[in-house]
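Read the structure below first, then the notes.
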Number of protein chains: 10
Amino acid sequence: MSTQPSKTLETFPNPHPERDYTIHMEVPEFTCLCPKTGQPDFATILIDFVPDQLCVELKSLKMYMWSFREEGGFHEAMTNRIADDIVAAINPRFLRLTGRWNVRGGIWTNVVVEHRQDGWAPAPKVELP
Amino acid sequence: MSTQPSKTLETFPNPHPERDYTIHMEVPEFTCLCPKTGQPDFATILIDFVPDQLCVELKSLKMYMWSFREEGGFHEAMTNRIADDIVAAINPRFLRLTGRWNVRGGIWTNVVVEHRQDGWAPAPKVELP
Amino acid sequence: MSTQPSKTLETFPNPHPERDYTIHMEVPEFTCLCPKTGQPDFATILIDFVPDQLCVELKSLKMYMWSFREEGGFHEAMTNRIADDIVAAINPRFLRLTGRWNVRGGIWTNVVVEHRQDGWAPAPKVELP
Amino acid sequence: MSTQPSKTLETFPNPHPERDYTIHMEVPEFTCLCPKTGQPDFATILIDFVPDQLCVELKSLKMYMWSFREEGGFHEAMTNRIADDIVAAINPRFLRLTGRWNVRGGIWTNVVVEHRQDGWAPAPKVELP
Amino acid sequence: MSTQPSKTLETFPNPHPERDYTIHMEVPEFTCLCPKTGQPDFATILIDFVPDQLCVELKSLKMYMWSFREEGGFHEAMTNRIADDIVAAINPRFLRLTGRWNVRGGIWTNVVVEHRQDGWAPAPKVELP
Amino acid sequence: MSTQPSKTLETFPNPHPERDYTIHMEVPEFTCLCPKTGQPDFATILIDFVPDQLCVELKSLKMYMWSFREEGGFHEAMTNRIADDIVAAINPRFLRLTGRWNVRGGIWTNVVVEHRQDGWAPAPKVELP
Amino acid sequence: MSTQPSKTLETFPNPHPERDYTIHMEVPEFTCLCPKTGQPDFATILIDFVPDQLCVELKSLKMYMWSFREEGGFHEAMTNRIADDIVAAINPRFLRLTGRWNVRGGIWTNVVVEHRQDGWAPAPKVELP
Amino acid sequence: MSTQPSKTLETFPNPHPERDYTIHMEVPEFTCLCPKTGQPDFATILIDFVPDQLCVELKSLKMYMWSFREEGGFHEAMTNRIADDIVAAINPRFLRLTGRWNVRGGIWTNVVVEHRQDGWAPAPKVELP
Amino acid sequence: MSTQPSKTLETFPNPHPERDYTIHMEVPEFTCLCPKTGQPDFATILIDFVPDQLCVELKSLKMYMWSFREEGGFHEAMTNRIADDIVAAINPRFLRLTGRWNVRGGIWTNVVVEHRQDGWAPAPKVELP
Amino acid sequence: MSTQPSKTLETFPNPHPERDYTIHMEVPEFTCLCPKTGQPDFATILIDFVPDQLCVELKSLKMYMWSFREEGGFHEAMTNRIADDIVAAINPRFLRLTGRWNVRGGIWTNVVVEHRQDGWAPAPKVELP
Ligand SMILES: [Ca+2]
Ligand SMILES: [Ca+2]
Ligand SMILES: [Ca+2]
Ligand SMILES: [Ca+2]
Ligand SMILES: [Ca+2]
Ligand SMILES: [Ca+2]
Ligand SMILES: [Ca+2]
Ligand SMILES: [Ca+2]
Ligand SMILES: [Ca+2]
Ligand SMILES: [Ca+2]
Ligand SMILES: [Ca+2]
Ligand SMILES: [Ca+2]
Ligand SMILES: [Ca+2]
Ligand SMILES: [Ca+2]
Ligand SMILES: [Ca+2]
Ligand SMILES: [Ca+2]
C-alpha cells in the first residue's frame, strides 16, 4: 500500500460477520478547503459503524482523509460525501458519520449523516443500570 | 451579501435532500436588550435541525443574530421568535432551538423550543453500544 | 413588586401557549433551616417545566426562594413543598423540581419531584444522531 | 439515637406517599474488609430509591454504613446485602444500589443491584428537550 | 492460583443468581502485539455483564489479560476473542465487551461486542428523574 | 459548646507549635445580607493559615460563619472583617482569607486578605520537580 | 445612580486602606465593535487590583462595560483603554486588566495590561505548601 | 513481610543516593477515628519526598496506613504524626506530607507538614517555558 | 490584503508602546508536511509576546500559518522558524512560541522557543494572593 | 532503522543549538515487569529537555521504550535508568524525566529525576502576566 493521498478505501474481511458489533473511529486531523474563499477548513471526523462483510483498513483510511487536503466543499456536502464513500467501500449494516467543523464567523457547526442497509435493524438496546 | 445586521436569513439548496441528516450549530455571541430595564442580555443560541429543501447560510445567520443587538425581548418570547424565523426561512423537517441565557438575579435560565413538519417523524434512533 | 422575601410567586402570560416548550432554571442560592437542629441547610434548586397559560416571573422567584431563609423543613418535605407551590402558581403542563442538598454526615442527598397535568403527555422525543 | 455502628436502619414516614418521587444519596465513605486477605476495602455507595410509606433516616444510614467496618465480604455479595437490608427496612417502590469499589489488581469494579415492588412501574419518563 | 499469565479464567458461584444485577469492570492495563508490525498495542478493556451461575474471579482476570502480552491480533478480532473467552468461562446472561484502543496513525478506534443468552431480556429500564 | 450562631471562635492548643505547617479550610456555605438592598449574598470562604499557639475549633468556626446570616456588609468590608476576627482569635503566624462572592450584576468578585505576624517569614519554598 | 451606559466609574472609599489586599472581578459580558468591519466583538474582561483610597462601585462598573456596546476599537487599544480608565478613576496601588477576546479567523487572542503606583511593591509572596 | 496492620515502615536502600530526586505517593484509602465522637474519619494522604539513604517500601506503607484504622486523632495531630513516623523511618532529605480530610460540618480541611534535613537545600528550580 | 497563503506577516503600530503588556494568541489550525514521509503533520501554535513598536496583524497571521500547508519540516526546526519569522517581522521585546504537535508513534511532542531583545527584562512579576 | 525493540537511542543534530529551547515528550505506553512478582507494570513517561548538540529521534525513542517490555525493575531504579540513558545519548543541557506509575496496592507513585550539564543555568524565567 503506497503512502500517498488516495480516495481508495482498502478493506479486509470482517473477522466476525456472524454478529453485529460496533467500530468507532475518531479522526481529529481532517482538513479541506472552503469552496468560497479557498481557505483551509478543519474538522474532526467521527465514524461509527456496524460492519457487514468488510472492515475499513486503518492506514488507507488515513490516506483517504489526506486526499481531501486540496479539495473544496461545503460542510454539509463534504460530510455527506465521506459517508457515501465509506458506504460504497464496505457497505456496512449501519454507518453514522459526524463532522465536527471548526468555528467560522463565531459559529460552530456539526453535521451528522447516517446510512443503514435495507432491512437491518439493531438488536434492542440493553441498558444496564 | 452585505455585512450589516439583518433579519433576512439567506438559504441555499440542501445538497442531500434525499436523506434525513442533522446540522448542529452553536452561536455563543448573542446579545439583545432586557425589555424591562433596557440593559443588555447575553445568551448562547444552539440550533439543531434536519434540513428539508433548504439550509441556512452561515454568514447570514451571523448577521441575523447581530440584528437583535438593539432589540428588547423576554427570554421566552425571544427564543420562540428565533425558532419561528428559522422555520419561516428554511421550513426544516425538524428544528430544536435552545437559548442558554446568562445568570440574572442569581438564577440561570434555558429555553428550548421545537418545531416539526406535519407528518415528519425521525427514523428510529440507532443506539450503538 | 417589592424587594422582600415573599411566598407569592408572580406570573406573566405564556407568550407561546400554542406549543409545548421547556424552561429550565437553576437557583444555586437556596438556604433554609434544619428542623432538628435549627442549623442552616443549603441546596441548589433546579426547575424544569413546560408552561401552560402562565410563566413564573424571575424576580418573584428569587424573593420566593429567599422566603425559606428562616423556615425549617426536611429535605424530602421541602422539595415537595416547593414543587407544590410552583404548581399552584402556574399550573404547568409538566414540572420537574430537583433539590441538590449539600453534604450532611458525609452523605449527599438529591430529591426529585415531578407533576404533570391530567391528560398531558410530551410529544415523542426526537433524538437526533 | 445512639452514635454507634448499627445494622438498624431507622425510618420516618414518607411525607408525600401520594406521589412517586426520587431520593438519591451518595456515601463516599464506605469501608469493609476483604474476606480473603482481611485487608480493608473501600467503596462509594450510591442509593437511588422511590419511597413508599417510609424513608431512611440520614444519621442511622451513616451508622449502618459504619457497621461494615469490621466485616468481610466480596464485592458482589456485599452490594447485594446492602440492597437487601434497605429493602427490608423501608420496602421502597424501587431501589437501585450501586457499589463503586476501589481498584484492586489494576482493575476497577462496580456492582449495581435493583429491587422493585411487585406491580410497581415508573410513570413514563418525560424527556424534555 | 498461580501468578502466571494464563488463558484460564477462574470462576466462583454467583452469590445472588436469583436476580439480574450488573458487574462493571475496567482494565486499563491491556497490551498485545500488532500482527503486522510486531509492535506493542495498548488498550483499556471494559467489561459489563449480568452474571448467571458464575462470576469471573478478579485475580485470574488479571492473569488472563496478561496472557495477551506476547500475542498478536487485530483490534476487531482481539476484542471479539476476549468476549468469546468470557462467554465460554461464565456464560453470562448478558455481556458487553469494549476495547478502547490507543491512537494509531492519528486515529482512535473503539470496538464494542455484545453477547446475550437465548431468551434473556433485561427488565424494563427504570429511568428515575 | 452550644449550637447557636456565635461570633466567638473557640480555639485549642496547636499540637505542633515547634514547626510551621499549613491548615487550609473551605467553607462553601457562607451567606450574609447586602447592606444596600437587604437581599441575601452568598460566598465560599477559604482560610489558609500557619498556626502559632492556637488552632481554630471546627464546630465553632461553623457557628461563627452562621452568625453572619442576618448581618449586612459589603464584600470588601466583610472579607476583611472575617480575617480580623480570626487573627484576633488565634493570632496565626500567617493568614490568607479569601471570599469568593457569587455573581451580582453579571460580575463575579473575589476578595483576598492576608495578615502575618511581625517578624514571621515563611521558610524558603521547596518546589519539587 | 442612573441605569444607563456611562463612562463614569463611580467609587467608594476603600474600607481597609491600611493593608494591601486583592479584589478580582470577572466580567463575561463585554461586547464592542470591530473598527474595520463594524461587526460585534465579544470578550471576557478580568480585573485584578490592590485598592488604594478608592474601590470601584459594582453597578457603575456594569454601566461602564455597557458603554462600549456601540464603540469600535482594536483588541490591543481597547484593553489598554479600559485599564487607563480604571486607573484614572481609582488610582489603585496595582492593576492587572485582562481581555480574553473571542475567536476571530480561527485565532484566539488575550491582551494583558498592568499598572502600578510609583514606589509600590507587593509584599513578598507567601507560598504555602 | 506479614499482611497485618503495622506501625513498622519497612525500607530499602535508595538505588540512586548520588542525586536528589522526587518520589510522590498518593494514598486515597486512609481512615481513622474522630477522638471526640469515635466515628470514622477519611482522608487522602499525599507524600512527596527526596530520599536520602532509604526509600519506603510500598507494601509496608499500605500496612502502616491500615494501622490507623482503630486509632483516634485530630486532623492536625494525625497529619503531623504520620510525617514524624516517615521521617523516623527513612530520614529523607525533604518530606512534604499532606492530609486532605473529608468534609465535616460542611467544611473541608487540608493539613500540610514539611520536614527537611539540616543543611539540605533543593537545587535551584529549573522552570522550563 | 490578499486572501492567499503568504510568508509576509503584516504589522501595525503598537498603540501603547509606552508600557510593556502581553498579547497571547492561540492558533489551533496549523498543518505542514513531515519531511521524511510527506504525510501531513498537525499542531496548535501558541504565541505570547510583549510588543515593541509593532503588533502582528491578525488576518496576515492566518495567511502566514496557511503558507506552511505544503512545506515540510521537523517539529524542532519548524517551531524555531516560526519564532524567527515573527521576530523578524515585529521585533518584540519578548516572544515565547510554543508548538503542540499531534501524537506520532504514540508520543506527544511540544517545542517551546523564546526570544528577548537585548537589554530587555520584564518588570518584577506581581503575584497577587 | 529497524523496527525492533532496542536500547539504542538514535539522535540527530539540534537544528538550533545557538539558543536554549524546550522539548517536551509524553510516552503513555510504557510497560515493564515487577522484579518481585514478574507481573507487568505500566507507566506514563514524561521527558522535558533542553537539547545541546543532539536531539533524540522519535522513532528510536519508541523502540527504546519498547525494549523494557521484558525487563524487571523497581520504579525508583527504572526511572533513574531511563534518565541516565537519555543523558548518555544526547547529553542535554537539562533533562527532567518523570515516571507516573500505575496504582499498586491502592497507592499511586510518581518518580521525578533531573540532570543538568555542569555550568548550565536556565535564563531567568519570564513570567508574563
Ligand atoms: Ca476541530
Ligand atoms: Ca458543537
Ligand atoms: Ca451564557
Ligand atoms: Ca450545594
Ligand atoms: Ca449527588
Ligand atoms: Ca472509590
Ligand atoms: Ca487507551
Ligand atoms: Ca459561591
Ligand atoms: Ca473568579
Ligand atoms: Ca468570550
Ligand atoms: Ca487563550
Ligand atoms: Ca477523601
Ligand atoms: Ca480543599
Ligand atoms: Ca494538537
Ligand atoms: Ca498509567
Ligand atoms: Ca499521582
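Every read-out reported here was derived from the displayed coordinates using simple, explicitly stated rules and does not represent laboratory data. Nothing here was measured: the structure is a model prediction, and the numbers come from that model. For neighbour counting, all protein chains shown are included, and Cβ atoms are generated from backbone atoms with ideal geometry for every residue, glycine included.
If you filter region I:1-29 down to residues that are within 21 Å of A:F68 (Cα to Cα) and more than 10 Å from chain G (Cβ to nearest Cβ), you find that the one that is nearest to ligand 15 (Cβ to nearest atom) is I:P5. For region C:29-57, a residue qualifies if it is of a type in the set (A, V, I, L, M, F, W, C) and either within 16 Å of ligand 1 (Cβ to nearest atom) or touching a helix residue (DSSP H, G or I) at 6+ places or on another chain (Cβ under 8 Å) (or both), and the qualifying residues are C:F30, C:C32, C:A43, C:I45, C:I47, C:F49, C:L54, C:C55, C:V56. Can you tell me which condition C:Y64 does not meet? The list is (1) touching a strand residue (DSSP E or B) at 6+ places or on another chain (Cβ under 8 Å); (2) more than 14 Å from chain D (Cβ to nearest Cβ); (3) not polar (S, T, N, Q), and all the others hold. Tallying (1) touching a strand residue (DSSP E or B) at 6+ places or on another chain (Cβ under 8 Å); (2) more than 14 Å from chain D (Cβ to nearest Cβ); (3) not polar (S, T, N, Q), C:Y64 fails exactly one: (1).
Scanning region C:43-56 for residues being closer than 24 Å to B:R116 by Cα, more than 8 Å from every other protein chain (Cβ to nearest Cβ) and surrounded by 20 or more Cβ atoms within 10 Å (Cβ to Cβ) gives a total of 1. Just one residue in the set A:V111, A:V56, A:V27 is touching a His at 6+ places or on another chain (Cβ under 6 Å) and farther than 30 Å from E:A123 by Cα; that residue is A:V111. Evaluating D:I90 against the criteria (1) on the phi > 0 side of the Ramachandran plot; (2) within 14 Å of chain C (Cβ to nearest Cβ) leaves one unmet condition, (1). Being surrounded by fewer than 17 Cβ atoms within 10 Å (Cβ to Cβ) and of a type in the set (G, A, S) is the requirement here; does G:S6 meet it? Judged against the criteria, G:S6 is a match. As for region J:96-105, it holds at least one residue that is away from ligand 8 (no atom under 16 Å from the Cβ), aromatic (F, W, Y) and assigned to a strand (DSSP E or B).
One residue stands out among those in region J:58-73 that are part of a helix (DSSP H, G or I) and of a type in the set (K, R): the one that is surrounded by the fewest Cβ atoms within 10 Å (Cβ to Cβ), which is J:K59.
Restricting attention to region I:71-114 and to residues that are among the acidic types (D, E) and without any contact (Cβ under 8 Å) to a residue 40 or more places away in the chain, the residue that is farthest from J:T22 (Cα to Cα) turns out to be I:E71.
Among the residues examined, A:A77 qualifies as within 18 Å of B:H24 (Cα to Cα) and at the interface with chain B (Cβ under 10 Å from one of its Cβ atoms).
Contact map, region A:46-63: residues that are more than 12 Å from A:M25 (Cβ to Cβ) paired with residues that are of a type in the set (D, E) and outside any helix (DSSP H, G or I), Cβ distance under 7 Å, separation 6+ or inter-chain. Pairs shown: A:V50/A:D20; A:S60/A:E10. Quick check: anything in region F:16-30 β-branched (V, I, T), assigned to a strand (DSSP E or B), within 13 Å of the chain's Cα centre (by Cα) and buried (at least 18 other Cβ atoms within 10 Å of the Cβ)? Yes, there is a match, as at least one residue in region F:16-30 is β-branched (V, I, T), assigned to a strand (DSSP E or B), within 13 Å of the chain's Cα centre (by Cα) and buried (at least 18 other Cβ atoms within 10 Å of the Cβ). Give region G:97-129 a look and list any residue that's on the phi > 0 side of the Ramachandran plot and either more than 9 Å from chain I (Cβ to nearest Cβ) or among the charged types (D, E, K, R) (or both), or say none. Across region G:97-129, the qualifying residue is only G:G119. The residues on offer are J:T44, J:T79, and the sole one that is in contact with a strand residue (DSSP E or B) (Cβ under 7 Å, 6 or more places away or on another chain) and not in a strand (DSSP E or B) is J:T79. Criterion applied to E:P40, E:P35 was being buried (at least 18 other Cβ atoms within 10 Å of the Cβ) and either farther than 30 Å from J:M63 by Cα or of a type outside the set (S, T, Y) (or both), and the one residue passing it is E:P40.
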